[in-house]
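Asks: Sending over a structure as structure tokens; questions will come in a sec.
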Amino acid sequence: VARMGGDEFALVFYGMTKANVQGRLEQLRDMVITIGQGICHQAVLDASFGVAFFPSDGQNAEELLAAADRNMYQVKDGQR
């Protein structure tokens, strides 16, 4: 896991598929939003996640983080 900035996180997985991860990412984001609402009584927290899979998305940390970052922005653009 790497914090890319602000509310953006890159996650690198080995031996998993997008299908395995997608539901967990949605649960994690919902949990972050719910915690913010519970503490501040309004939606003040959010999180964005980019996922990369070793070795299909890259062979080293730089390639994997770049792939996770691209994936995160594709997801964010899809949510708008």
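Asks: Would you pick out the residues in the range 57-80 that are out of contact with any helix residue (DSSP H, G or I) (no Cβ under 8 Å at 6 or more places or on another chain), charged (D, E, K, R), open to solvent by less than 70 Å² (accessible area, probe 1.4 Å) and at pLDDT 85 or above?
Replies: Answer for the range 57-80, where residues must be out of contact with any helix residue (DSSP H, G or I) (no Cβ under 8 Å at 6 or more places or on another chain), charged (D, E, K, R), open to solvent by less than 70 Å² (accessible area, probe 1.4 Å) and at pLDDT 85 or above: just D69.
Asks: Within the range 40-53, does at least one residue satisfy the condition of being farther than 20 Å from M4 by Cβ and assigned to a helix (DSSP H, G or I)?
Replies: Looking for residues that are farther than 20 Å from M4 by Cβ and assigned to a helix (DSSP H, G or I), one finds at least one in the range 40-53, hence yes.
Asks: Looking for something at pLDDT below 85, open to solvent by less than 90 Å² (accessible area, probe 1.4 Å) and in contact with a Phe, Trp or Tyr (Cβ under 6 Å, 6 or more places away or on another chain) - is there at least one such residue anywhere in the range 13-28?
Replies: Among the residues of the range 13-28, at least one is at pLDDT below 85, open to solvent by less than 90 Å² (accessible area, probe 1.4 Å) and in contact with a Phe, Trp or Tyr (Cβ under 6 Å, 6 or more places away or on another chain), which makes the answer yes.
Asks: Quick check on the range 54-70: of everything there that is small (G, A, S) and assigned to a helix (DSSP H, G or I), which residue is nearest to the chain's Cα centre (by Cα)?
Replies: A68
Asks: Collect the residues in the range 12-39 that are among the small types (G, A, S) and outside any helix (DSSP H, G or I), keeping them in residue-number order.
Replies: Within the range 12-39, G15 is the sole residue that qualifies.
Asks: I'd like to know if the range 58-75 contains one or more residues that are touching a residue at least 24 places away in the same chain (Cβ under 8 Å) and among the basic types (K, R).
Replies: So far as the range 58-75 goes, no, none of its residues is touching a residue at least 24 places away in the same chain (Cβ under 8 Å) and among the basic types (K, R).
The values are calculated or read from the model by the stated rules, or taken from the named source; none is laboratory data. Predicted model, so just to flag it, every value in this text is computed and none were measured. Neighbour counts run over all protein chains shown; Cβ positions are idealised from the backbone, glycine included. Remember, those area values only see protein heavy atoms, side chains included, never the ligands or the DNA or RNA. Shrake-Rupley method; radii C 1.70, N 1.55, O 1.52, S 1.80 Å.
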